[in-house]
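Read through the structure below, which is laid out as structure tokens, and then see the notes.
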Amino acid sequence: MSVLRRLYRGETRINFIGLRRRWYLGSAALILICLLSFIFRGFNYGVEFKGGVTYQFSDRSSSLTADSVSAAFTKAGVAPAEAPQVVGSGTTRQIVVNTGFLPPQRQQNLEAAVTKTLGVAKSSVSSTSIGEQWGHDTTLKALEGLIVFLVIVSIYIAFRFQWRMAIGAILSLIHDLLVAAGIYSLIGFEVTPSTIVGLLTILGFSLYDTVVVYDRIAENTKDLTAGARMTYSEAANLAVNQTLMRSINTSLIALLPVAGLLFVGAGLLGVGTIKDLALILFVGLASGAYSSLFLAAPIVVDLNERAPEYRALTKRVQAKRAGEARRDQELAAAGISTGSLRPAGAPAPPPRPGARPTRPRRR
């Protein structure tokens, strides 16, 4: 309970900054795995990005199954690009099938053959053809939006705090993007427009958590160079500990509903249309919480401690503490307690003038 109480009050003393090389190595290893996955596994792009045809079968009677629809397409000579997905339930139940790009006449012939095999009316089937250019344009717009977002964030943080904090925030955001995309590549979920939306959404959460930590660092380091009470790394480490509970609370509040979407909605209930969005949000939110504590603050410390004013501050703090240590050793050698500065066994000082004499307690 004492640990939880200190955590709640922001009184923990975890050495986040002192162990930053470990966090750097762990993040570098994770990013390396993600980059290798990009090269050797790539991404499973959906029909919106690689082009193709989407067929939707309205099945209010629930007589169709994903396996029977897939078998009907295979029998017609066109295998589905991936396993058919069941969407909705009851009167809104649909089975969605994606295929590669087909000419208009081939689409109609395929639709007629499949409906005949399944024994359903043609009115219960609708198809949508998507070209590769649509996905290409969507990707370019997403990249443009990402670049504009990063530029605006850099300018804001540089003016609100300092340019070194802007560098730390951008590096942590890039870390979150690479990790989220790498996990997506490793698992092999289909990349859809929802994936892009989720990828851009996690940037806002990661930035919010980082700004909270930076704000506390700015408060702790205000006028720090005017004295010699602590170094910049110590002030930053104190700030991370003070905001630790807040970061945990915000991360849990954000992760719990997303975990419900991913593990309950997509995993147990089989709602395949939300798993792409849920996975990217879950991984991105967790990575954002990690980077704000273990990367953003340490990066700022490394950048700031190279500045002349903070190097001079570190020397002053070290010199002051070395002088205090020598004084304590000299006092201890002379038999003087550093707490009371009175020789051991010496009589108590005389009472102040006008002070009432103390009476011994009765036992």
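Observations on the structure shown:
Each row is one residue, and each column tells you yes or no for (1) over 16 Å from the mean Cα position of the chain (by Cα); (2) of a type in the set (S, T, N, Q); (3) modelled with pLDDT of 80 or more; (4) not assigned by TED's automatic domain parsing to the domain that holds residue 69.
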position	(1), (2), (3), (4)
121	yes, no, yes, no
139	yes, yes, no, yes
178	no, no, yes, yes
211	no, no, yes, yes
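- Scanning the range 97-110 for residues that are surrounded by fewer than 19 Cβ atoms within 10 Å (Cβ to Cβ) and out of contact with any helix residue (DSSP H, G or I) (no Cβ under 7 Å at 6 or more places or on another chain) gives 100, 101, 103, 104, 105, 106, 107, 108, 109.
- Scanning the range 28-43 for residues that are in contact (Cβ under 8 Å) with a residue 12 or more places away in the chain, surrounded by fewer than 18 Cβ atoms within 10 Å (Cβ to Cβ) and of a type outside the set (Val, Ile, Thr) returns 30, 35, 38, 41, 42, 43.
- Qualifying residue in the range 146-166 (condition: closer than 30 Å to residue 81 by Cβ, in a helix (DSSP H, G or I) and in the same structural domain as residue 254 (by TED's automatic domain parsing)): yes
- Flag for residue 246 being of a type outside the set (Asp, Glu), farther than 30 Å from residue 139 by Cβ and at pLDDT 85 or above: no
The values are calculated or read from the model by the stated rules, or taken from the named source; none is laboratory data. Computed from a predicted model, the values in this text were never measured in an experiment. We place every Cβ from the backbone using ideal geometry, glycine too, and count neighbours over all the protein chains shown.
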